[in-house]
Each structure stands twice: as C-alpha cells, then as structure tokens.
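Chemist: I'd like to ask some things about the structure below.
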Amino acid sequence: MSDLLLNVSDLNTYYGVIHALKNISMEVKKGTIVSVIGANGAGKSTFLKTLIGLLKAKTGKIEYNGEDITKLSTHEIVRKYSVSLVPERRQLFGPLSVLDNLKLGTYKFSGRGREVKIKVNLNRVYKLFPVLKERANQKAETLSGGEQQMVVIGRALMADPELLLLDEPSLGLAPFFVQMIFNTLVELRRKGLTIILVEQNARLALKISDYAVVLETGKITLKGSSLELLKDEKL
C-alpha cells in the first residue's frame with residue numbers, strides 16, 4: 001500500500017482573469033505535516049480552497065489515495081474522503097455555544113451511530129483542549145482569540161478527518177496560544193493525522209513540519225525537507 005495520501009499535479013487556478021496558482025505540483029505522505037509558506041497574496045489560501053473544492057482548478061489534477069477528486073464538490077470531498085478545513089480568521093458561529101459549534105463538525109454523520117460518534121469525538125477534542133469542556137455552554141463570540149482557534153480546530157476534528165487543512169492558525173494570537181496550537185498539531189501528527197499547514201510564521205511552521213513548499217505569486221519557488229529549508233539563507 002502506498003504511503004502517498006495526496007498528489008497534486010500541474011494545478012492552475014484562476015480568480016476571474018487572475019492566474020492565482022501556476023503549475024503547482026507536490027506530494028503529501030500519510031502521517032506528515034507539510035507547510036506551505038509565503039507572503040500575503042502568494043496563493044496559500046487559494047491552494048487550500050482548491051484542494052477542498054471551494055475553488056475549481058482550470059487545469060491539473062488532485063489525487064487523493066490514488067483517486068481523482070479534482071472535479072468533486074466540497075461536500076463530496078468532505079463526506080467521502082475525510083478532509084477538513086480550518087479556515088483563516090476562524091469563522092465561528094458567535095452566538096452559538098462552544099458545544100454547538102463543535103457539533104457542527106459532525107453534520108456528515110447520520111443514522112443510529114451518530115450520537116455515539118459525537119460523544120466519542122467530543123471526548124477526544126476535550127482531551128486535546130480541556131478548556132473547551134469548561135466553556136461548553138459559553139457563547140463562542142465571548143472566548144479569547146486563542147480559545148476560538150481551539151474551537152475551530154476542534155470542529156474540524158469532530159469530522160474524523162484523515163487530512164487536516166489549516167489556514168493561518170497563528171494569525172492574531174498571543175505567543176502562548178500559538179505555541180499551544182502548534183504543540184497540538186505535533187500531537188495530532190503523532191496520532192497519525194496528515195496535516196497541510198498554511199502559515200506566514202515560516203520559522204515556527206518549519207520547526208514542526210516534515211516537508212515544506214514556498215509560494216511566491218502563485219508559483220512554488222522552493223521545496224524540500226523542513227530541516228533543509230530552515231538552513232536556506234534565501235528563505
């Protein structure tokens with residue numbers, strides 16, 4: 001059995017007439033963290049949105065476990081292939097409780113086993129982020145930025161993903177919460193989760209990831225092991 005989970009080949013994505021992603025090719029092995037780093041406007045968020053079907057590639061191919069998912073809708077990718085996205089700037093439902101926000105991550109489950117699944121997954125999330133159990137009935141909009149980021153990651157994990165996509169999880173957070181979030185990502189990888197991490201904090205991202213690519217104006221300009229890129233003077 002191949003250890004390759006995701007294979008992206010010659011991907012090109014447009015916003016109208018703007019060529020946002022230009023011939024992107026990369027591989028993601030199971031159980032690894034891959035960092036995608038670059039400045040604002042480099043195409044990092046566009047890449048994640050294309051992977052999960054929120055944007056459609058004009059040309060190229062996305063293969064997941066050897067199956068072509070390039071043309072599939074977002075809900076098909078989430079339901080069938082267990083991919084979850086943690087969006088930039090969190091995008092919580094503020095008036096809802098922490099518990100209700102977490103439960104929204106389980107919408108793909110149905111049938112008799114749904115309640116059991118919710119209970120099991122909630123326990124996993126609460127083990128990762130104990131403060132969320134304490135704040136379960138609190139409105140999400142009243143939490144600190146770091147706690148809200150925990151809710152968004154927890155919501156994504158409630159769907160039992162095999163691949164977790166994270167878009168700028170450190171954005172706007174205090175250093176304490178940034179370190180906590182990144183420690184959690186390392187723990188999730190240790191448990192077998194595959195992660196693609198989009199991040200402007202290049203040094204921190206490279207320290208926890210196995211492999212990385214650098215995007216500049218929609219093109220990959222550097223790629224290699226994270227240890228190699230940490231030593232790269234150009235980067």
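The values are calculated or read from the model by the stated rules, or taken from the named source; none is laboratory data. If you're wondering where the values come from, they're calculated on a predicted model, not measured in any experiment. All Cβ positions, even for glycine, are placed from backbone atoms using ideal geometry, and neighbour counts span all protein chains on display. Accessible surface is based on the protein model in full, side chains and every heavy atom, while ligands, DNA and RNA are left aside. Shrake-Rupley method; radii C 1.70, N 1.55, O 1.52, S 1.80 Å.
Chemist: In this structure, does Gly94 turn out to be among the small types (Gly, Ala, Ser) and at positive phi?
Modeler: Details: among the small types (Gly, Ala, Ser): yes; at positive phi: no.
Spelling it out, it is not the case that Gly94 is among the small types (Gly, Ala, Ser) and at positive phi.
Chemist: For segment 62-78, which positions are open to solvent by less than 40 Å² (accessible area, probe 1.4 Å) and either among the charged types (D, E, K, R) or part of a loop (DSSP other than H, G, I, E, B) (or both)?
Modeler: Those that are open to solvent by less than 40 Å² (accessible area, probe 1.4 Å) and either among the charged types (D, E, K, R) or part of a loop (DSSP other than H, G, I, E, B) (or both): Ile69, Thr70, Ser73.
Chemist: Can you run down the residue pairs with Cβ atoms below 7 Å, 6 or more apart or on separate chains, where the first is in segment 29-44 and more than 16 Å from Gly224 (Cα to Cα) and the partner is open to solvent by 30 Å² or more (accessible area, probe 1.4 Å)?
Modeler: Lys30/Asp3; Gly31/Arg189; Gly31/Gly192; Ala42/Glu216; Ala42/Thr217
Chemist: Among the numbered conditions (1) within 21 Å of Thr13 (Cα to Cα); (2) surrounded by 14 or more Cβ atoms within 10 Å (Cβ to Cβ), tell me where Arg189 comes up short.
Modeler: With respect to (1) within 21 Å of Thr13 (Cα to Cα); (2) surrounded by 14 or more Cβ atoms within 10 Å (Cβ to Cβ), Arg189 is out only on (1).
Chemist: Can you tell me which residue in segment 92-118 is farthest from Lys80 (Cα to Cα), limited to those that are modelled with pLDDT under 90 and open to solvent by 80 Å² or more (accessible area, probe 1.4 Å)?
Modeler: Phe93
Chemist: Give me the pairs, please: first residue somewhere in segment 1-20 and closer than 14 Å to Gly218 by Cβ, second residue anywhere and open to solvent by less than 40 Å² (accessible area, probe 1.4 Å) and in a loop (DSSP other than H, G, I, E, B), beta-carbon distance under 6 Å, and either six or more positions apart or on two chains.
Modeler: Pairs that qualify, where the first residue is closer than 14 Å to Gly218 by Cβ and the partner is open to solvent by less than 40 Å² (accessible area, probe 1.4 Å) and in a loop (DSSP other than H, G, I, E, B), are Leu11/Ala57; Thr13/Leu55; Thr13/Ala57; Ala20/Gly43; Ala20/Gly218.
Chemist: For segment 16-47, name all the residues that are open to solvent by less than 10 Å² (accessible area, probe 1.4 Å), among the small types (Gly, Ala, Ser) and within 13 Å of the chain's Cα centre (by Cα).
Modeler: The answer is Ser35, and nothing else.
Chemist: Identify, please: which residue in segment 79-129 is in a helix (DSSP H, G or I) and among the hydroxyl-bearing types (Ser, Thr, Tyr) and is, among those, farthest from Leu6 (Cα to Cα)?
Modeler: Only one residue fits best here, namely Tyr126.
Chemist: Does any residue in segment 62-85 that is in contact (Cβ under 8 Å) with a residue 60 or more places away in the chain come within less than 6 Å, Cβ to Cβ, of a residue that is assigned to a loop (DSSP other than H, G, I, E, B) and small (Gly, Ala, Ser) six or more places away or on a different chain, and which pairs are these?
Modeler: Partner pairs satisfying both residue conditions: Ser84/Ala159.
Chemist: Could you please give the count of residues in segment 200-235 that are open to solvent by less than 60 Å² (accessible area, probe 1.4 Å), within 18 Å of Ser45 (Cβ to Cβ) and of a type outside the set (A, V, I, L, M)?
Modeler: Selection size over segment 200-235: 3.
Chemist: Looking at segment 130-147 only, could you name the residues that are touching a Leu at 6+ places or on another chain (Cβ under 8 Å), at pLDDT 90 or above and assigned to a helix (DSSP H, G or I)?
Modeler: The first filter runs over segment 130-147 and keeps only residues touching a Leu at 6+ places or on another chain (Cβ under 8 Å), leaving 132, 135-137, 139-141, 145-147.
Right, trim to at pLDDT 90 or above and you get 132, 135-137, 139-141, 147.
Leu132, Ala140, Glu141, Glu147 - these are the residues of segment 130-147 that are touching a Leu at 6+ places or on another chain (Cβ under 8 Å), at pLDDT 90 or above and assigned to a helix (DSSP H, G or I).
Chemist: While we're looking at this one, here's another question. Does Leu164 satisfy the condition of being open to solvent by less than 10 Å² (accessible area, probe 1.4 Å) and part of a strand (DSSP E or B)?
Modeler: On the way: open to solvent by less than 10 Å² (accessible area, probe 1.4 Å): yes; part of a strand (DSSP E or B): yes.
Yes, satisfied.
Chemist: Now for a different question. Would you point out which residue out of Thr59, Thr50, Thr13 is open to solvent by 10 Å² or more (accessible area, probe 1.4 Å) and in contact with a strand residue (DSSP E or B) (Cβ under 9 Å, 6 or more places away or on another chain)? Break it down stepwise before answering.
Modeler: Details: Thr50 fails: open to solvent by 10 Å² or more (accessible area, probe 1.4 Å); Thr13 fails: open to solvent by 10 Å² or more (accessible area, probe 1.4 Å).
From the options Thr59, Thr50, Thr13, the qualifying one is Thr59.
Chemist: How do the pairs read when you match residues in segment 126-141 that are among the aromatic types (Phe, Trp, Tyr) with residues anywhere that are surrounded by fewer than 16 Cβ atoms within 10 Å (Cβ to Cβ), using Cβ under 6 Å and keeping only pairs 6 or more apart or on different chains?
Modeler: Tyr126/Lys133
Chemist: Scan (1) more than 20 Å from Ile52 (Cβ to Cβ); (2) in contact with a helix residue (DSSP H, G or I) (Cβ under 8 Å, 6 or more places away or on another chain); (3) open to solvent by 60 Å² or more (accessible area, probe 1.4 Å) for the single condition Asn183 breaks and write down its number.
Modeler: All conditions are met except number (2).
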